[in-house]
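Below: the structure, in structure tokens.
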Amino acid sequence: MMIKFTKQVRIEDSMVFEGYYEPGLKLSLEEKQDILEHGIYIYMLLDGQLAGEAYGAMLCDLDEEIEDCAGESPWSIYCYSTTILPPFQRKGWGTILKAFWLGQCREHTDSEWIIGHSTSPIIHAMNERFGAEHTVRHEKWYDTTRVAWFYKLKNK
């Protein structure tokens, strides 16, 4: 299988990922566009098919206050998404995507920390393999059935 990482995906096409999230977790086109304009993002294509996305932005570049981030450095990068579409899941592609995105964060910023919320057991375990420390746990994250764990991962 041929892997390609690119930024050359129309944002409208990337909205397919939002379709796999519960209403409380879905971003609008405008919300996502604002994050991507200020953030670090990458898409994964597998044999030419859109398969995954990963993106985040520094807290100082965001208009919203994110739960659990109040005491964090404004230069921390908040990871909004590491998502693999269902046909490509459980094959290790998420780990490859996250590793590539983390490399982009290290290469293009001086941010000391990557922070975020793991909202699935698979992502939770993957972040721990990358060295993330999970701290705060939330039940029914944004009125969904998901449990979310706040995590911190050293970037530098």
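Of 123, 96, all but one fail to be assigned to a helix (DSSP H, G or I), closer than 23 Å to residue 24 by Cα and β-branched (Val, Ile, Thr); the exception is 123. For the stretch 28-38, a tally of residues being under 26 Å from residue 144 (Cα atoms), of a type outside the set (D, E, K, R) and touching a residue at least 12 places away in the same chain (Cβ under 8 Å) returns 4. So for the stretch 142-152 (the condition being within 13 Å of the chain's Cα centre (by Cα), surrounded by 12 or more Cβ atoms within 10 Å (Cβ to Cβ) and under 22 Å from residue 5 (Cα atoms)), does at least one residue qualify? No, that holds for no residue. The criterion of being in a strand (DSSP E or B), closer than 29 Å to residue 6 by Cβ, free of Cβ contacts under 8 Å to residues at least 24 places away in the same chain and under 16 Å from the mean Cα position of the chain (by Cα) holds for residue 57. Could you list all residues from the stretch 60-86 that are in contact (Cβ under 8 Å) with a residue 24 or more places away in the chain and either among the hydrophobic types (A, V, I, L, M, F, W, C) or over 16 Å from residue 150 (Cα atoms) (or both)? Across the stretch 60-86, the qualifying residues are 62, 63, 69, 75, 77, 79, 83, 84, 85, 86. The residue that is surrounded by the fewest Cβ atoms within 10 Å (Cβ to Cβ), among those in the stretch 106-123 that are among the β-branched types (Val, Ile, Thr) and farther than 11 Å from residue 77 by Cα, is 122. When the stretch 102-142 is examined, which residues are found to be of a type in the set (Phe, Trp, Tyr) and in contact with a Gly (Cβ under 8 Å, 6 or more places away or on another chain)? Those that are of a type in the set (Phe, Trp, Tyr) and in contact with a Gly (Cβ under 8 Å, 6 or more places away or on another chain): 141, 142.
Computed from the coordinates by the stated procedures, all read-outs in this text should not be read as laboratory data. A quick note: this is a predicted structure, and the numbers were derived from the prediction, not measured. Here the Cβ is made from the backbone with ideal geometry for all residues, glycine too, and neighbour counts use every protein chain on show.
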